[in-house]
Amino acid sequence: MADDTRDVRPAGRQAAVPKTGSRVRMSFSQRREQLIAVGRQLFAERGFDATSIEEIASRAKVSKPVVYEHFGGKEGLYAVVVDREVTSLLTRVTSALTAGHPRELLEQAALALLDYIEEETNGFRVLVRESPVMSSSGNFSSVLNDVAHQVEHILGAEFKTRGYDPKLAELYSQALVGMVALTGRWWLEVRKPRKETVAAHLVNLCWNGLAQLEAKPVLLTRKGNK
């Protein structure tokens, strides 16, 4: 009997699992973790549609019924992988927002996303690739919306202080988060300039606007780091 496809493990890096080719007999939970790791890798490499149950089973060196037993099918495995990545990314962003100054909060949010892209590249690829209709509530767009809502609170308070219409905070938060996300996808492929430099220029554009761009922006939260 298949178990629940919704995974409730804490966010963060994936737990260590036995190697795919291991001859050691695995427990139910160990096999589940192995299949999740294999699925995560394949979904990152090929996307949901191009990945088959046969390929998942072959790479994990198990029979297809084993995959069905744990997840009920490819959709169930995909849902677990996406749920973990969504939780991981949101946890990183919310945990990073510790500063008091709005500009520093924007820096922390940008760095949290770039850190995730750098450290959990496969997870990021899974989120930004095409996804089946059934996962529309757990894709990258929904994650960005959640992040944007948190940035909206930051901007809303700042808008009130500066006499701007706080109702526009939602519009600006969507624009800022979308800009960082798209830049992150580009940076994932080129990996230059340095992550901190990318974040500094993003915040420079967000905070100062094109009319007041600083020539050599630096992150206030990373001063002294090379």
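Brief remarks follow.
- Filtered residue count, the stretch 78-103, keeping only those that are touching a residue at least 12 places away in the same chain (Cβ under 8 Å) and open to solvent by 10 Å² or more (accessible area, probe 1.4 Å): 16
- Hits in the stretch 140-175 (condition: hydrophobic (A, V, I, L, M, F, W, C) and open to solvent by 30 Å² or more (accessible area, probe 1.4 Å)): Leu144, Ala157, Leu168, Leu171, Ala175
- Any hit, the stretch 178-201, residues being among the hydroxyl-bearing types (Ser, Thr, Tyr) and either under 19 Å from Leu105 (Cβ atoms) or in contact with a Pro (Cβ under 8 Å, 6 or more places away or on another chain) (or both): yes
- Here Asp146 meets the list (1) at pLDDT 85 or above; (2) farther than 19 Å from Gly209 by Cβ almost entirely, failing just condition (1).
- Applying a threshold of 6 Å to beta carbon distances and a minimum spacing of six or more residues, or different chains, the list of pairs starting in the stretch 59-77 at a residue that is under 16 Å from Gln30 (Cα atoms) and ending at one that is of a type in the set (Val, Ile, Thr) and crowded, with 19+ Cβ neighbours inside 10 Å reads Arg59/Val38; Ala60/Val38; Val67/Ile56.
- When the stretch 181-226 is filtered for residues that are farther than 24 Å from Leu90 by Cβ, at pLDDT 90 or above and open to solvent by less than 40 Å² (accessible area, probe 1.4 Å), only Asn204 remains.
- Subset of the stretch 113-143 (residues that are farther than 26 Å from Thr98 by Cα and modelled with pLDDT of 80 or more): Asn122, Arg125, Val126, Val128
- Cβ pairs under 7 Å, 6+ apart, first in the stretch 154-169 and over 16 Å from Cys206 (Cα atoms) and at pLDDT 80 or above, second among the basic types (Lys, Arg) and in a helix (DSSP H, G or I): Pro166/Lys160
- Of the helices (runs of 4 or more DSSP H) lying entirely inside the stretch 1-112, those containing at least 3 residues that are modelled with pLDDT under 90, out of contact with any helix residue (DSSP H, G or I) (no Cβ under 8 Å at 6 or more places or on another chain) and within 24 Å of Val128 (Cα to Cα) span 74-96.
- Filter result for Arg191 (charged (D, E, K, R) and either in contact with a helix residue (DSSP H, G or I) (Cβ under 7 Å, 6 or more places away or on another chain) or within 25 Å of Lys216 (Cβ to Cβ) (or both)): yes
The values are calculated or read from the model by the stated rules, or taken from the named source; none is laboratory data. Because the structure is a prediction, the values reported are computed rather than measured. In this analysis, Cβ positions are derived from the backbone assuming ideal geometry, glycine residues included, and neighbour counts consider all displayed protein chains. Remember, those area values only see protein heavy atoms, side chains included, never the ligands or the DNA or RNA. Shrake-Rupley method; radii C 1.70, N 1.55, O 1.52, S 1.80 Å.
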